[in-house]
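See below for the structure under consideration.
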Amino acid sequence: MRIGILETGLAPEELRVRHGSYPDMFARLLAGQGFEFRAWRVVAGDFPAGVHDADGWLLTGSRHGAYDDLPFIPRLEAFIRTAYAEGVPLVGICFGHQIIAQALGGRVEKAAAGWQVGPQDYDFGDRTLRLNAWHQDQVTMPPPEARVIASSPACPVAALGYAGPALTVQAHPEFDADFIGGLMETRGRGVVPAGRLEAARARLDEATDAGALAARITEFFHDRGAARHV
């Protein structure tokens, strides 16, 4: 199954040497699950020719806001709506979660709770997953076809399942503790309140459930991909 990764933002250059790009991180997270990957840097205007250039699409995180006035955002929203209408599976992570919601009729805003950084606990109904976070924006109103499938006190709309082929999550299963620590140094200082950074640093050694979320994403892609060919 070919998964197209839509790179909506760039990892800090200082961290890419050791961690790679966001598409590299997702390729590692989902390795060994029967996927092949190709990435398009949509943040720089590099888009697929069409929504059927891959069997499923994964939208990465970004330092940009879904509501920013940037040339790639309206084009990406149109791509999302076409893929959704034509039944091509979509997975969104952080900014990807937000832009899919916005494209399909939801709302994205800066969160009243402020920045969420490092390990956070999310209630997925059947279990609680601890996942790394790095965001200030949140989905504040889900689209009509979406239902909330995970939440936390600071992030009520932490994951969305859709009537159509989309699954989106606010947290970052692809970010390990070392990368989060690097973000604190390269993008956090002077931007994220110092108290939030210190609280996150104190929890960085805690194990996360990134593997469990990766398994859910894998199952979603395989199930929705197979359903397209029935």
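If you go through the range 216-223 one residue at a time, do you hit one that is surrounded by 14 or more Cβ atoms within 10 Å (Cβ to Cβ) and more than 17 Å from the chain's Cα centre (by Cα)?
At the first step, the residues of the range 216-223 found to be surrounded by 14 or more Cβ atoms within 10 Å (Cβ to Cβ) are 216-218, 220-222.
Subsequent filtering for residues that are more than 17 Å from the chain's Cα centre (by Cα) retains 222.
Yes, the conditions are met somewhere in the range 216-223.
Of V43, V17, which residue is surrounded by fewer than 19 Cβ atoms within 10 Å (Cβ to Cβ) and either modelled with pLDDT of 95 or more or assigned to a helix (DSSP H, G or I) (or both)?
V17
Could you list all residues from the range 193-213 that are without any contact (Cβ under 8 Å) to a residue 60 or more places away in the chain and assigned to a helix (DSSP H, G or I)?
Hits for the range 193-213 are A194, G195, E198, A202, G211.
From the list A66, A31, which one is farther than 25 Å from V148 by Cβ, among the hydrophobic types (A, V, I, L, M, F, W, C) and not in a helix (DSSP H, G or I)? Full working, then the answer.
Values: A66 fails: farther than 25 Å from V148 by Cβ.
Just a single option satisfies the conditions, and that option is A31.
I need every pair where a residue in the range 83-94 that is at pLDDT below 95 and surrounded by fewer than 24 Cβ atoms within 10 Å (Cβ to Cβ) has its Cβ under 6 Å from the Cβ of a residue that is of a type in the set (V, I, T) and in a helix (DSSP H, G or I), sequence separation at least 6 or different chains.
none
Output the residues belonging to the range 81-98 that are more than 20 Å from R216 (Cβ to Cβ) and either within 16 Å of the chain's Cα centre (by Cα) or of a type in the set (A, V, I, L, M, F, W, C) (or both).
First pass over the range 81-98, keeping only residues more than 20 Å from R216 (Cβ to Cβ): 81-82, 85-86.
Hit for the range 81-98 is A85, nothing else.
May I ask you to list the residues in the range 44-69 that are in contact with a helix residue (DSSP H, G or I) (Cβ under 8 Å, 6 or more places away or on another chain), more than 21 Å from I3 (Cβ to Cβ) and of a type outside the set (G, A, S)?
R63, H64, Y67
Any idea which of (1) farther than 29 Å from E36 by Cβ; (2) touching a residue at least 60 places away in the same chain (Cβ under 8 Å); (3) out of contact with any helix residue (DSSP H, G or I) (no Cβ under 6 Å at 6 or more places or on another chain) is the one G188 doesn't satisfy?
(3)
What's the total number of residues in the range 69-123 that are within 30 Å of A202 (Cα to Cα), in a helix (DSSP H, G or I) and of a type in the set (F, W, Y)?
1
The values are calculated or read from the model by the stated rules, or taken from the named source; none is laboratory data. For clarity, every value in this text was computed on a predicted model and none was experimentally measured. Because the Cβ atoms are built from the backbone with ideal geometry, glycine has one as well, and the counts that use them run over all protein chains shown.
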